[in-house]
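So the structure is just underneath, and the comments pick up after that.
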Amino acid sequence: MGKPPTTLRDIAKSLGTSIGTVHRALHDNPGVSPATKARVLQVARNLGYRPNLAARYLSSKKTLRISVNTPQGTTSFWDEVRTGIRDEAESILLENVELEFRTCPILGEGEDEALEAAIHDQVDGIIIFPSSPQTLRSAIRRASRANIPVVCVATDAPQSGRLGMVAIDTLASGSIAADLMGRFLNGKAGSVAVTVFDMDITEHAEKYTAFESTLQNFYPHLQTLKPIEDHDLEKEAYRKCRKLFDESSDLAGIYVTTEASIPVLKAAEDANLLNRLTIITTDLFPDLVPYLRSGAVVATIYQRPHAQGEMALRMLHEFLAEGGRRSHQVALAPHLVMRGNLDFFLRRQSQELSSKDKRRAPREANHEYAGDFA
């Protein structure tokens with residue numbers, strides 16, 4: 001395979017400047033001094049940069065329209081994904097970016113209609129969370145045939161013709177959770193439960209498999225129970241977990257693979273098990289912080305939603321504007337948050353959000369898809 005083509009990001013890195021500055025200089029846009037423009041052009045020549053057909057096509061269009069098809073979510077996870085997409089759109093400073101948010105209030109409902117609407121509107125690219133990859137596969141293929149690249153975020157839709165996927169490393173997440181569980185239980189025998197949204201979702205199935213395998217290999221005295229599918233419904237999560245807590249006398253711990261941890265914690269509290277179980281959750285949001293501070297939750301595995309959003313849009317932009325073809329499967333290393341590093345983590349998040357709030361937001365359109373509509 002030959003050397004990959006030089007991108008705007010390569011030029012910006014060589015100069016120690018922003019991609020937006022490089023973009024303006026190469027396209028003779030205002031806001032760049034003659035000296036900076038000369039330096040950009042020289043480095044571009046030295047690195048062998050050649051604008052491709054995709055870039056010329058893009059620059060001739062009035063607007064680069066990206067449809068962001070994600071669920072509303074029950075915590076801040078999806079808000080952070082969408083913020084990451086906004087921040088990346090701003091950082092590349094394309095004057096003609098328009099983000100069109102097609103948001104489904106309930107996970108798994110309305111996502112096929114939202115995808116069909118984006119294809120019908122002939123957007124330039126789509127970022128999607130495919131909670132039902134089997135039902136969306138044919139529509140994603142049609143989008144690809146219509147030259148609309150699709151990037152999956154948080155979970156994958158394999159064999160669909162999608163351009164790429166950005167997610168947390170699910171095997172690492174499940175393995176880390178299992179090793180922590182075994183160490184915290186410190187030789188104690190018993191059963192361990194795992195909650196997932198749905199085992200048909202690649203991300204959740206992989207977490208469960210990695211957790212079960214690691215626990216079996218290193219802590220054979222602990223038994224992994226059949227996964228509890230809560231379908232991101234708080235009442236269902238509470239009801240199923242409360243039933244589990246009432247019926248499993250040897251239950252030693254529970255691993256929540258999704259953002260729906262609060263109903264699980266409330267069920268444990270009502271069953272007087274909150275401080276007796278070893279509980280490991282996923283992600284970080286305000287309602288979870290007190291449980292981490294008290295030690296009721298021993299750890300949470302942060303899935304870096306902001307970074308997932310940033311990289312999903314970056315992948316689309318590099319394909320559309322620069323012809324870049326980096327790895328089409330990006331697996332981010334998860335962050336482990338525990339009581340000891342909680343305050344540091346929260347401070348860093350606050351500082352990052354504060355600095356990003358000052359930026360100018362790209363143009364946006366918002367749509368909601370509830371499942372049944374005309």
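The values are calculated or read from the model by the stated rules, or taken from the named source; none is laboratory data. Source: prediction; values computed, not measured. Please note: Cβ atoms are built from the backbone with ideal geometry, for glycine as well, and neighbour counts cover all protein chains shown. Heavy atoms of the whole protein, side chains included, go into the accessibility calculation; ligands, DNA and RNA do not. Shrake-Rupley method; radii C 1.70, N 1.55, O 1.52, S 1.80 Å.
The table for this structure:
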| item | result |
| --- | --- |
| Residues located in the stretch 252-274, provided they are among the polar types (S, T, N, Q) and surrounded by fewer than 21 Cβ atoms within 10 Å (Cβ to Cβ) | N272 |
| Selected residue (criterion: modelled with the highest pLDDT) from residues of the stretch 319-345 that are closer than 23 Å to A12 by Cα and touching a Ser or Thr at 6+ places or on another chain (Cβ under 7 Å) | E322 |
| Criterion (modelled with pLDDT under 95, of a type outside the set (D, E, K, R) and either at positive phi or surrounded by fewer than 22 Cβ atoms within 10 Å (Cβ to Cβ) (or both)) met by exactly one of S294, S249, S213 | S249 |
| Residues (farther than 22 Å from I176 by Cβ and assigned to a loop (DSSP other than H, G, I, E, B)) located in the stretch 231-257 | H231, D232, L233, S248, S249, D250 |
| Residue list for the stretch 206-230, filter: part of a loop (DSSP other than H, G, I, E, B) and of a type in the set (D, E) | D230 |
| Top-ranked residue in the stretch 39-58 [being at pLDDT below 85 and either among the small types (G, A, S) or assigned to a loop (DSSP other than H, G, I, E, B) (or both); ranked as surrounded by the most Cβ atoms within 10 Å (Cβ to Cβ)] | Y49 |
| Residue count for the stretch 275-286, restricted to those that are open to solvent by less than 10 Å² (accessible area, probe 1.4 Å) and part of a strand (DSSP E or B) | 4 |
| Subset of the stretch 159-193 [part of a helix (DSSP H, G or I), under 30 Å from N69 (Cα atoms), open to solvent by 30 Å² or more (accessible area, probe 1.4 Å) and of a type outside the set (A, V, I, L, M)] | S175 |
| All positions within the stretch 1-21 that are in contact (Cβ under 8 Å) with a residue 12 or more places away in the chain and either basic (K, R) or open to solvent by less than 50 Å² (accessible area, probe 1.4 Å) (or both) | T6, T7, L8, R9, I11, L15, S18, I19, G20, T21 |
| Residue count, the stretch 105-127 (criterion: under 24 Å from F77 (Cβ atoms), open to solvent by 10 Å² or more (accessible area, probe 1.4 Å), touching a strand residue (DSSP E or B) at 6+ places or on another chain (Cβ under 8 Å) and at pLDDT 90 or above) | 2 |
| The stretch 22-38, residues that are buried (at least 19 other Cβ atoms within 10 Å of the Cβ) and in contact (Cβ under 8 Å) with a residue 24 or more places away in the chain | H23, R24, L26 |
